[in-house]
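Enquirer: Structure provided below as structure tokens; questions to follow.
The values are calculated or read from the model by the stated rules, or taken from the named source; none is laboratory data. In this text the structure is predicted, and so the values were computed from the model without any measurement. Here Cβ is always computed from backbone atoms with ideal geometry, including for glycine, and neighbour counts include all displayed protein chains. These area figures cover heavy atoms from the full protein model, side chains too; ligands, DNA and RNA do not enter into them. Shrake-Rupley method; radii C 1.70, N 1.55, O 1.52, S 1.80 Å.
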Amino acid sequence: NNEKGVPQLLIRDLKFEKKSLAKLMFSPDQENHPSKAPVKYGELIVLGYNGSLPNGDRGRRKSRFALFKRPKANGVKPSTVHIACTPQAAKAISNKDQHSISYTLSRAQTVVVEYTHDSNTDMFQIGRSTESPIDFVVTDTVPGSQSNSDTQSVQSTISRFACRIICERNPPFTARIYAAGFDSSKNIFLGEKAAKWKTSDGQMDGLTTNGVLVMHPRNGFTEDSKPGVWREISVCGNVFSLRETRSAQQRGKMVENETNQLQDGSLIDLCGATLLWRTAEGLSRTPTVKHLEALRQEINAARPQCPVGFNTLAFPSMKRKDVVDEKQPWVYLNCGHVHGYHNWGNKEERDGKDRECPMCRSVGPYVPLWLGCEAGFYVDAGPPTHAFSPCGHVCSEKTTAYWSQIPLPHGTHTFHAACPFCAHQLAGEQGYIRLIFQGPLD
């Protein structure tokens, strides 16, 4: 109780039904008969979307994409190297059934590397293009945008054929990432201006215009995770320190002791959108949407109240995640006191954005609270006790603490922490706040 004798509760004080929630913790994959299910390598989840794209997920354009073992292997591996101007090089480029990468060194010289079929791997391609070789179509993420019309006006910085992921078809189903994807003619062209070089063993390698950056977290994707170091991945999958700016001609230093192998929680930045890689095993330990729904019902069942209007507050259902509901909880971001919507304490001289909390008189932004519905972003299955600032997306304490430490690439040379559910840049000392609810007076 506070000084006024009003009961207050932190959500962690609620007695969550551990057994009933434990049942919901397992992924739907495990509920179905795993023997019949196709092998899942993992999933890519685009940061900034709370469970689905604003206008709904359609076809290859959606907020998350699952990579399953293909009925027939479609992976490729490098084979013959041709110095161009030779008939074989021209033939490799023009052959629609032959994968190849062309490195233009000058107008007079191009090196063409032929790729052959690899029966041990599956290849998945990601980019902005809607052409058929792209498995997962990704467009630029506009922070907090509620409709795709907001996103189309921006000149895209995402490459049409941004990257490819190669998965081993046999256990442990290792996934590796490479910059650039093959186009409809099964070619990758690195023009004169692209950074490229000959490696010590006589092979060619290069970087794409805006680059493909990867960060592997330390301690995996768990409640003990810590941010790793951002690196750039080359066309051949080698690892480099970052260039001075995204498209600088000079490559970074090669990092010999790191690989392009993705791990649970790896982040992939395509300069305009950031993707989170979750392994199938990692997802099996992650809360499901059912589990998050149970937590939502648990909070609502405790009947938290507005300390001003004494009306009962309730988080709206997951499906209504964009419309402010009349019972919606609101929070003062400086102190964490949760209220229902009211006009009390509006500071006109402050553009109406800052409000004074009736409970503790601290002045700051006052925003509606939304549950984080994208389960793949959670590092644990803890109750939703904390909210990101300034957007008001609610999730577990460990999840807010983790994402608030991650410097996400922004533009061509800056980094900042952002809410994974809406991509808004985080504000305030920590970037998140602990929520203080008031319990019912009866």
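Enquirer: Of everything in segment 247-259 that's touching a strand residue (DSSP E or B) at 6+ places or on another chain (Cβ under 8 Å) and touching a residue at least 24 places away in the same chain (Cβ under 8 Å), which residue is most open to solvent (accessible area, probe 1.4 Å)?
Expert: R251
Enquirer: Also: Is it true that L262 is without any contact (Cβ under 8 Å) to a residue 40 or more places away in the chain, within 24 Å of A418 (Cβ to Cβ) and not charged (D, E, K, R)?
Expert: Here the answer is no, as L262 does not meet what is asked.
Enquirer: A further question follows. With the requirement that a residue be in a loop (DSSP other than H, G, I, E, B) and open to solvent by 10 Å² or more (accessible area, probe 1.4 Å), what does segment 161-185 give you?
Expert: Scanning segment 161-185 gives F161, R169, N170, P171, P172, F173, T174, D183, S184, S185.
Enquirer: Can you confirm whether G309 is in contact (Cβ under 8 Å) with a residue 60 or more places away in the chain, more than 30 Å from V229 (Cβ to Cβ), outside the structural domain of I126 (by the TED database) and not aromatic (F, W, Y)?
Expert: No: the conditions fail for G309.
Enquirer: For segment 34-53, name all the residues that are surrounded by 15 or more Cβ atoms within 10 Å (Cβ to Cβ), aliphatic (A, V, I, L, M) and either in the same structural domain as C419 (by the TED database) or not in a strand (DSSP E or B) (or both).
Expert: Across segment 34-53, the qualifying residues are V39, L47, L53.
Enquirer: Out of the residues in segment 324-354 that are in a loop (DSSP other than H, G, I, E, B) and modelled with pLDDT under 75, state the one that is most open to solvent (accessible area, probe 1.4 Å).
Expert: Ranking the qualifying residues of segment 324-354, first place goes to K353.
Enquirer: What pairs come out if I take residues in segment 418-442 that are assigned to a strand (DSSP E or B) and pair them with residues that are open to solvent by 80 Å² or more (accessible area, probe 1.4 Å) whose C-beta lies under 8 Å away, six or more apart or interchain?
Expert: Within 8 Å, the pairs are A418/H410; A418/Q425; Q425/H410; I433/N334; R434/E397.
Enquirer: Without any contact (Cβ under 8 Å) to a residue 12 or more places away in the chain, among the aliphatic types (A, V, I, L, M) and not in a loop (DSSP other than H, G, I, E, B) - does that describe any residue in segment 99-119?
Expert: No, every residue in segment 99-119 fails to be without any contact (Cβ under 8 Å) to a residue 12 or more places away in the chain, among the aliphatic types (A, V, I, L, M) and not in a loop (DSSP other than H, G, I, E, B).
Enquirer: Considering each of C419, C357, C373 in turn, give the residue that is open to solvent by less than 30 Å² (accessible area, probe 1.4 Å), in the same structural domain as R303 (by the TED database), in contact with a His (Cβ under 7 Å, 6 or more places away or on another chain) and at pLDDT below 95.
Expert: Only one candidate qualifies: C357.
Enquirer: If I ask for residues that are open to solvent by less than 20 Å² (accessible area, probe 1.4 Å), in a loop (DSSP other than H, G, I, E, B) and of a type in the set (A, V, I, L, M, F, W, C), which ones from segment 186-228 would you list?
Expert: A195, L207, F221
Enquirer: Still on this structure, I have one more. Against the condition open to solvent by less than 60 Å² (accessible area, probe 1.4 Å) and either assigned by the TED database to the domain that holds W403 or touching a helix residue (DSSP H, G or I) at 6+ places or on another chain (Cβ under 6 Å) (or both), how does S234 come out, does it pass?
Expert: no
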